[in-house]
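As structure tokens, the structure follows; a few thoughts come after it.
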Amino acid sequence: MQNKPYKISKNVETLSAYTPGEQPQGGGWVKLNTNEFPYPPSPKIRAAVLAEMGGDCASLRLYPEPLSKKVRAAAAKYYGVHEDNVIVGNGSDDILNLIMRAFGGEDLKVAAMSPSYSLYPVLAKMQGAQLEEFDFGPQCKLPLEKIAKSGANVFILTNPNAPLGAAFAEADLKYIADNFKGLFVIDEAYAPFSNYSAAKFAAGRENVLAVCTSSKGWGLAGMRVGWAVADKNIIEILDRVRDSYNVDRLAQAAAVAALEDAEYYSGLVAKVVEERGKAEEFFASLGWDFCKSSSNFIFVRPRKNGAGGRDVASELFDFLKSEKILVRYWKGDPKICDGLRITVGTKPEMQKLKESVLKWISKE
Ligand code: PMP
């Protein structure tokens, strides 16, 4: 950039922004591209948000409670940990950002698996931190020894992995916690769809942080609330770099109501898991390769006339879009450009997806 009366910070000069999944405006889409919950959130949330607003929205004149104490307490109760072990963010992206600000830097390397959430490299670069990425072995195996010996200050594991969907063994998490000499961050955005959360484990360890979100399993992506559970020393450090009013009043009210209505969510999560199983059966019947998912999405490698690869995946992505079905596709990433990440939707949405896939297969 020339002839500007300012300079850009060194880390930002060559930074490319994270590219979020498309959020189409207007109706009529089957939206299976950003792993949102396919059902409305608990009805108790509506009541809680309306109560917070009051008849005339007068409460909005005042700043929110800065620490999101009620959300911390509700999350602590939900996981069976102490509220000193919890921090709340404006989405879990906010918390990932706090982690990088506090623990990443020019002399503090960050490590992560590849592929995983593509925001991590952006956040690491913003801090000027070197990012070391590890490949998965066959069947999504973690290179445990390499991770332990990486010399990174932060290792982030997405569990279950995004975009592949696979979950890792508890024994592997324990191995990393015991052997990695740094902060072990477990991003468990999709844990509500698996049968394990590391939150309680994290609270009992001095170097483990579990990052969670209301966006996926609680249907609150539009509210932007995430939380993390860790040793209270880690929470105290993250609080130092947190914006003072990082979670707005309505979001706090909604998150508390969501965390307190586990009963409502358990039935709906079970429905997602059931649809996921049926979708996996469908893809298996087509002979398509996919990772066994513990998330609310499936990463599938489509095939047509015996062939797979980038062009085939790209063609299916375009075809589905022409049918008003949106899925996620990373055309420019050589590791995953041969597959599509498909969010598990409602039964009718998944029916429409299957019909469109069959239509594509039979089309010349
Ligand atoms: N972690 C992972 C692995 C994700 O896929 C996402 C959502 N794209 C997030 C964190 C961030 O979620 P949010 O900011 O909505 O809480």
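The values are calculated or read from the model by the stated rules, or taken from the named source; none is laboratory data. Just so you know, these numbers come straight off a predicted model, no measurement behind them. Backbone-built Cβ (ideal geometry, glycine too); neighbour counts: all protein chains shown. Ligands, DNA and RNA are stripped out before the accessible areas are found, and what is left, the full protein with its side chains, is counted by its heavy atoms. Shrake-Rupley method; radii C 1.70, N 1.55, O 1.52, S 1.80 Å.
Summary of values
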| item | result |
| --- | --- |
| Top of GLY339, GLY182, GLY26 by mean-square fluctuation, Gaussian network on the chain, Cα under 10 Å | GLY26 |
| Per-selection Kirkwood Rh - the stretch 245-296 (Cα, Å, 1 d.p.) | 13.7 |
| Stretch gain in nm, segment ASP333-GLU263, where the contour uses 0.36 nm per residue and the Cα spacing is subtracted | 21.3 nm |
| Stretch gain in nm, segment ASP239-ASN179, where the contour uses 0.36 nm per residue and the Cα spacing is subtracted | 19.0 nm |
| Helix-derived mean residue ellipticity, 222 nm - over the chain, DSSP H n ≥ 4, -39500 (n - 2.57), to 500 | -11500 deg cm²/dmol |
| Inter-label distance, nm, simple model (7 Å from Cα along the C-beta direction), ALA171/SER9 | 4.4 |
| Equivalent ellipsoid semi-axes, the stretch 200-308, via Cα gyration tensor eigenvalues times 5, rooted, Å | 36, 18, 14 |
| Relative contact order, percent, the chain [alpha-carbon distance under 8 Å, six or more residues apart] | 22 |
| Length gained when the stretch GLN25-ASP107 is fully extended (0.36 nm per residue, less Cα-Cα span) | 25.3 nm |
| Relative intensity, log₁₀ I(q)/I(0), of the stretch 43-260 from a Debye sum that treats every alpha carbon as a point, q = 0.14, 0.18 Å⁻¹ | -0.81, -1.28 |
| Distance from the stretch 180-244 to the stretch 16-93 (C-alpha centre basis), Å | 15 |
| The stretch 121-180 - convex hull of alpha carbons, volume per residue in Å³ | 86 |
| Cross-link pairs LYS271/LYS324; LYS69/LYS271; LYS216/LYS347; LYS125/LYS331 - those with Cα-Cα distance over 25 Å | LYS69/LYS271 |
| Nitroxide proxy distance, nm - points 7 Å out along Cα→Cβ at TYR39 and LEU144 | 3.7 |
| Förster radius 22 Å - calculated FRET efficiency between GLU355 and ASN305, Cβ distance, rounded to 0.05 | 0.65 |
| Hull shadow area, averaged, the stretch 85-158 [alpha-carbon convex hull, nm²] | 5.4 |
| Residues of the stretch 22-125: accessible area per residue with a 1.4 Å probe, Å² | 48 |
| Estimated FRET transfer efficiency (GLU206, SER118; beta-carbon r; R0 35 Å; 0.05) | 0.75 |
| Computed over the chain, Kirkwood Rh from alpha-carbon pairs, angstrom | 21.5 |
| Förster-model FRET efficiency, 30 Å R0, SER362 and GLU274, C-beta, rounded to 0.05 | 0.65 |
| Accessible-area composition of the chain, carbon plus sulfur, in percent [1.4 Å probe] | 52 |
| Amide proton proximity set for LEU183, modelled H, under 5 Å, gap of 5+ | VAL154, PHE155 |
